[in-house]
1. In this structure, is L61 part of a helix (DSSP H, G or I) and either farther than 15 Å from P118 by Cα or without any contact (Cβ under 8 Å) to a residue 12 or more places away in the chain (or both)?
2. Determine if segment 12-34 includes at least one residue that is among the polar types (S, T, N, Q), part of a loop (DSSP other than H, G, I, E, B), at pLDDT 90 or above and not assigned by TED's automatic domain parsing to the domain that holds N98.
3. Please return the ranges of helices (runs of 4 or more DSSP H) entirely within segment 112-213 where 2 or more residues are more than 20 Å from the chain's Cα centre (by Cα) and surrounded by fewer than 18 Cβ atoms within 10 Å (Cβ to Cβ).
4. Test Q66 against the stated conditions and say whether it is in contact (Cβ under 8 Å) with a residue 60 or more places away in the chain and assigned to a helix (DSSP H, G or I).
5. Any idea which of (1) out of contact with any Pro (no Cβ under 9 Å at 6 or more places or on another chain); (2) surrounded by 18 or more Cβ atoms within 10 Å (Cβ to Cβ) is the one S93 doesn't satisfy?
6. K53 fails exactly one of the following numbered conditions: (1) free of Cβ contacts under 8 Å to residues at least 40 places away in the same chain; (2) surrounded by 16 or more Cβ atoms within 10 Å (Cβ to Cβ); (3) under 23 Å from H195 (Cβ atoms). What is the number of that condition?
Amino acid sequence: MLQANEHDETKQRLLDAAGEAFAAKGYHRATIREICSRAGANVASVNYHFGGKKGLYKALLEHCHQESLRRHPPGSLQAQAGPEEALRVFVRSMLDRNLGEGRPTWLSRLMARELSDPSPALENVARASILPNVDRLAAIVARIMDLPGDSPLARRCALSVVGQCLHFCRSKPVIEIVCPGVTYDSQGLDEITNHIVRFSLAALRGLAQEGTA
């Protein structure tokens, strides 16, 4: 029987190998045999540790998301001086999670594949890992706009903020060509954060005024 540290090491090797394989070929084309070969593990180890290919893929997505949150937490709404600062913390955290150091090089390719060709694991991961962060951001937006916490408008606006963050992350190679002044070092990420926050606050306040006019 594997000792605890051997057990954890094998699981981590399988997750790392699965990330490379799924990013390169997608969920449907990547094989358990290939993943185990990359990991230097027995083919039966996937069933032992994860219950099969679907379980491995689900665990991989959850692991990546939770690890990024651990490295760059979005901040507690209650810990901030106000909703504007909470928005700034959330935006910078999201940029850091998608662009920061320590992020696997294959993760962007994996997520791009997952969104264009969803696997059976996407819904569970979205509900368990992504939905709580959307809820947190929607609550921040609702406070800025002076709307009820369950406002559909606040939720749509929260997704618009997320869209800006993802655009700067996913379109980095193009942005560096069409907008040479944008950089992605620490100072550059500060400037991107400031832009997204200023743009979003102006839009949110404008929409709030329209609603009360």
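1. no
2. yes
3. In segment 112-213, 152-170, 172-178, 186-212 are the helices (runs of 4 or more DSSP H) which contain 2 or more residues that are more than 20 Å from the chain's Cα centre (by Cα) and surrounded by fewer than 18 Cβ atoms within 10 Å (Cβ to Cβ).
4. When the stated conditions are applied, Q66 passes them.
5. (1)
6. Answer for K53: the failing condition is (3).
The values are calculated or read from the model by the stated rules, or taken from the named source; none is laboratory data. Note that the coordinates shown come from a computational prediction; the quantities given were computed from them, not determined experimentally. For neighbour counting, all protein chains shown are included, and Cβ atoms are generated from backbone atoms with ideal geometry for every residue, glycine included.
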